[in-house]
Structure formats: C-alpha cells, structure tokens
Amino acid sequence: MANFFNITTELTQELLAAGANVNVNKISLTNMHADTSCNLDLYIEKSLKGKFYLLKSTLLPVGATLIYDDTQFSNSAGQFGLFIKLSKIDSGDDSPAVDVIIN
C-alpha cells in the first residue's frame with residue numbers, strides 16, 4: 001500500500017516512523033511549486049545509530065519528479081524511520097512544495 005505526503009515546509013518531516021512496518025521499495029518526489037526549485041535531503045535514522053542519507057542536498061527543479069528506487073530498509077519496531085528536509089535555493093523564494101509517494 002502506498003503512502004502519500006504533501007510537504008510544504010522547510011522543517012524536517014518524519015515520513016515513516018520506526019515501527020510502522022512499511023516495506024519501502026520506491027520513493028517518488030515531485031516538485032509541485034509553480035516557480036521555486038528546492039534542495040532536499042532524504043534520510044533514514046535509527047536511535048543510537050544516526051542518520052544515513054539516501055539523498056543529500058539534491059536539487060529538485062520546478063515540475064521535476066525524482067524516482068528513488070534503489071532502497072530497501074526495515075521499518076519494523078526498533079529499526080529505521082524515514083525523514084525529509086526541504087530547503088529553498090534562494091532566501092527570497094517561496095516555501096518549497098513537494099509531493100512524496102512511498103511504495
């Protein structure tokens with residue numbers, strides 16, 4: 001079953017909590033903003049182990065879709081959570097807007 005998210009802030013967002021028991025095989029990221037590109041960080045994190053980046057400071061142009069299909073990680077209890085953080089390219093830009101679909 002797919003999980004769907006609309007991210008419209010520069011704050012770090014938890015997409016999947018550890019223990020959600022979701023099998024992650026593919027993540028689709030689409031920049032939905034009309035005129036603002038953004039950078040994104042996508043990472044997994046485990047308590048006492050730290051962050052492990054799948055994508056770091058990756059540019060997502062206006063209207064572009066990035067498919068990340070080189071992942072498989074355990075999201076069972078005590079394992080990894082999945083997080084995203086969006087960043088503006090320029091300080092004068094509007095807040096980023098990215099749709100995320102996790103399969």
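The values are calculated or read from the model by the stated rules, or taken from the named source; none is laboratory data. Keep in mind it's a predicted model, so treat the numbers as computed, not measured. As a convention, Cβ positions derive from the backbone with ideal geometry for all residues, glycine included, and neighbour counts pool all protein chains shown. These area figures cover heavy atoms from the full protein model, side chains too; ligands, DNA and RNA do not enter into them. Shrake-Rupley method; radii C 1.70, N 1.55, O 1.52, S 1.80 Å.
Some notes on this structure:
- For K51 and M1, the FRET efficiency from 1/(1 + (r/R0)^6), where r spans their Cβ atoms and R0 equals 35 Å, is about 0.85.
- For the chain, built as a Gaussian network whose Cα springs stay under 10 Å, the top-fluctuating residue of T12, T30, T71: T71
- Ligands, DNA and RNA left out, the 1.4 Å accessible surface of the range 4-103 is 48% carbon and sulfur atoms.
- Structure-derived log10 I(q)/I(0) by the Debye sum over Cα atoms at q = 0.10, 0.19 Å⁻¹: which label, when the choices are [x] -0.26, -0.89; [y] -0.35, -1.20; [z] -0.29, -0.91: [x]
- 1.4 Å probe accessible area per residue over the chain, in Å²: 55 Å²
- Neighbourhood net charge (13 Å Cβ-Cβ; Lys/Arg +1, Asp/Glu -1) for K26: -2
- Rough spin-label spacing in nm, given labels placed 7 Å along Cα→Cβ, for Q79 and A34: 4.2 nm
- Across the range 29-103, the relative contact order, built from alpha-carbon pairs under 8 Å that are at least six residues apart, equals 45 percent.
- Near S37, the amide H atoms lying under 5 Å from its own belong to V62; only residues 5 or more places off or on other chains count, and H is placed 1.01 Å from N.
- Spatial separation of Cα centroids for the range 1-31 and the range 67-93, in angstrom: 7 Å
- In nm, spacing of pseudo-spin labels at Y68 and S91 (7 Å Cα→C-beta vector): 2.8 nm
- Cα gyration tensor, the range 30-78 - rounded (a/c under 1.5), prolate or oblate: prolate
- Here N23 and L59 are evaluated by their C-beta separation; at R0 = 25 Å the FRET efficiency comes out at 0.30.
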